[in-house]
Amino acid sequence: MAKTGTTTQGLRAAIERSGYYPALVAEAVEAAVGGEPIASYLVHQETTFDQNEVRRHVTVLVLTANRFIVSHTDEQSADNSSPTPYATTSTESVKLDRISSIVVSRVVANPESYTPGTLPREVVLTIGWGAVSRIDLEPAACGDPNCDADHGYTGNSTADDLSLRVSEAGDGPDTVAQTLAFAQSLSEATAATR
């Protein structure tokens, strides 16, 4: 469940409510935030199915006056490298002026009768800051169906550092609204740095 807000105590409470290794997640996030005041945050716990396993993970997004902080924690089953289950937590701190794109994709039902202010049934928040780029290539072709020449490749490069999907059916309407609120706060903060 995603939670958004503006205080350190609120962030800690949202992490604890997620129920996903709260002491571990909170310590990592608080260390990354340091003493900076929190402008906004979003906590999103998600369960996925990986072959025969159920896996959980949590993503915590924090906005301060100068930085965007991403924390992600995954649990792993025992394997060759560890005889016991374990969790991996990573945090990344990004200066706001490095954020190059914020994409909010909304899925709405019955768009012909859409009323402004109605929540979408699904939101995908994609944030790019240049750490990860995806390149999609395909063979180039010309308009001649009989041409067998090699025209090289064509494609595009997409910044895709973080993509977070929430839906009304899976996460609830509050989570969808909170994701939109965080996206707006982040968008406004990055616009102010330009």
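Every number here is computed from the coordinates shown, using simple stated rules; none is lab data. In this text, all values refer to a predicted model and were calculated from it rather than measured experimentally. Note that we place each Cβ from the backbone using ideal geometry, even for glycine, and neighbour counts take in every protein chain shown.
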Given 171-179, 185-193, 140-148, the highest-first ranking by average Cβ count within 10 Å works out to 171-179, 185-193, 140-148
So, with points 7 Å from each Cα along the Cβ direction, the CYS147-ASP50 label distance in nm works out to 4.5 nm
Candidates THR89, THR154, THR118; GNM for the chain (alpha-carbon contacts under 10 Å) flags as most fluctuating THR154
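Report Rg(Cα)/(2.2 N^0.38 Å) for the chain, keeping two decimals. The partial results should precede the final answer.
Values: Rg = 19.9 Å, N = 194, 2.2 N^0.38 = 16.3 Å.
Here the Cα radius of gyration is 1.22 times the empirical estimate.
For the range 5-46, calculate the relative contact order in percent as a whole number, restricting contacts to Cα pairs under 8 Å that are 6 or more residues apart. Don't skip to the answer; put the middle values down first.
Values: 29 pairs, mean separation 25.7, N = 42.
RCO, the range 5-46: 61 percent.
Quick one, could you list the DSSP H helices from the chain stretching 18 Å or more along their long axis (Cα atoms) with average Kyte-Doolittle hydropathy of -1.0 or above? The partial results should precede the final answer.
Numbers: long enough: 173-192 (29 Å, 0.30).
For the chain, where a helix must reach 18 Å along its axis and average at least -1.0, the hits are 173-192.
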Expected unfolding gain across SER105-ARG165 under the 0.36 nm per residue rule, minus the alpha-carbon gap, is 20.7 nm
To the nearest 20 debye, the chain has a Cα-centred charge dipole, built from +1 on Lys and Arg Cβ and -1 on Asp and Glu Cβ, of 800 debye
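Test of understanding: what is the full-extension gain from SER82 to THR193, defined as 0.36 nm times their sequence separation minus their Cα-Cα distance? Walk me through the numbers on the way to the answer.
Values: separation 111, 0.36 × 111 = 39.96 nm, distance 4.41 nm.
Going from the current span to full extension adds 35.6 nm.
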Phi angles of the range 141-146, converted by Karplus (6.51 cos²θ - 1.76 cosθ + 1.60, θ = phi - 60°) into ³J(HN,Hα) in whole Hz with x for Gly and Pro, give 9, 10, x, 7, x, 9
Rounded to one decimal in nm, the spacing of the 7 Å Cα→Cβ label points at THR154 and ARG12 is 5.6 nm
Under a Gaussian network model of the chain whose springs join Cα atoms within less than 10 Å, the largest fluctuation of GLU168, GLU122, GLU112 belongs to GLU112
Subtracting the Cα-Cα distance of GLN184 and GLU138 from 0.36 nm times their residue separation yields 13.1 nm
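Can you give the helix-only mean residue ellipticity at 222 nm for the chain, where every DSSP H stretch with n ≥ 4 adds -39500 (n - 2.57) and the sum goes over all residues, rounded to the nearest 500 deg cm²/dmol?
Helix contribution divided over all residues of the chain: -7500 deg cm²/dmol.
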Each label sits 7 Å from Cα toward the beta-carbon; between LYS95 and GLU27 the label points are separated, in nm, by 3.1 nm
